[in-house]
Amino acid sequence: MYELTANALQTVLTNQNILFTEVPMYSCNNSIVYREGSGLVSLRGLTSCQCRARFRVSFGGNIAIPEGGTVGPISIAIAVNGESIATTTATVTPAAAEEFNNVSTDVFIDVPAGCCSQISVKNISTETIDVQNANLIVERVA
């Protein structure tokens with residue numbers, strides 16, 4: 001299991017990944033590979049007798065429209081290999097710029113034996129967003 005965090009305020013452009021700067025908790029598991037400061041986590045389908053490895057990916061954090069931004073809906077989503085998973089979309093509509101709202105989402109991801117996938121959390125809004133107190137938990141469950 002990996003827990004990745006980014007407590008400091010960061011500005012995330014449209015279609016870019018949230019970056020995680022701290023690794024407060026991890027277990028020695030070769031199925032999950034992460035480089036500190038990156039927005040990508042690699043999941044490896046390392047299995048001895050199963051046809052796939054299953055992971056649970058959970059994200060929670062605060063998002064807002066940056067100062068000077070246009071008020072409207074903003075969204076994040078978990079992505080696999082750069083493609084957003086529609087069912088993980090978390091959308092809020094702040095009443096004003098710099099008004100933070102908490103979002104969370106999670107999903108199970110299957111990685112076939114011998115394959116790899118990269119996951120991230122993307123800004124899928126039509127404008128730049130601010131993100132603070134981001135937390136990503138990735139755990140192998142089967």
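The C-beta contact set for segment 111-127 (first residue under 27 Å from ALA64 (Cβ atoms), second residue at pLDDT below 95 and not in a loop (DSSP other than H, G, I, E, B), distance under 8 angstrom, 6+ apart or interchain) is empty. With respect to (1) at pLDDT below 95; (2) closer than 30 Å to ALA96 by Cα, the lone exception for ALA6 is condition (1). Here GLY39 clears all of (1) farther than 25 Å from PRO112 by Cβ; (2) touching a Ser or Thr at 6+ places or on another chain (Cβ under 6 Å); (3) not hydrophobic (A, V, I, L, M, F, W, C) except the condition numbered (1). The requirement of being touching a residue at least 12 places away in the same chain (Cβ under 8 Å) and surrounded by 15 or more Cβ atoms within 10 Å (Cβ to Cβ) is not satisfied by GLY37.
Residue count for segment 100-121, restricted to those that are more than 20 Å from the chain's Cα centre (by Cα) and surrounded by 14 or more Cβ atoms within 10 Å (Cβ to Cβ): 1. Close contacts from segment 128-139, counting a first residue that is on the phi > 0 side of the Ramachandran plot and free of Cβ contacts under 8 Å to residues at least 40 places away in the same chain and a second that is surrounded by 23 or more Cβ atoms within 10 Å (Cβ to Cβ) and assigned to a strand (DSSP E or B), with Cβ to Cβ under 7 Å and a gap of 6+ residues or different chains, come to none at all. All but one of (1) closer than 26 Å to SER125 by Cα; (2) surrounded by fewer than 13 Cβ atoms within 10 Å (Cβ to Cβ); (3) among the hydrophobic types (A, V, I, L, M, F, W, C); (4) in contact (Cβ under 8 Å) with a residue 12 or more places away in the chain hold for ILE74; which doesn't? ILE74 satisfies every listed condition except (2). With respect to THR14, is the statement that it is touching a residue at least 60 places away in the same chain (Cβ under 8 Å), under 19 Å from THR126 (Cβ atoms) and of a type in the set (Ser, Thr, Tyr) true? So THR14 passes the test.
Restricting attention to segment 1-20, the residues that are among the small types (Gly, Ala, Ser) and over 12 Å from the mean Cα position of the chain (by Cα) total 1. Picking from residues in segment 122-142 that are among the aliphatic types (A, V, I, L, M) and more than 13 Å from ARG54 (Cβ to Cβ), the one that is surrounded by the fewest Cβ atoms within 10 Å (Cβ to Cβ) is ILE137.
The values are calculated or read from the model by the stated rules, or taken from the named source; none is laboratory data. Treat the numbers as computed from the prediction; the structure is a model and nothing was measured. Backbone-built Cβ (ideal geometry, glycine too); neighbour counts: all protein chains shown.
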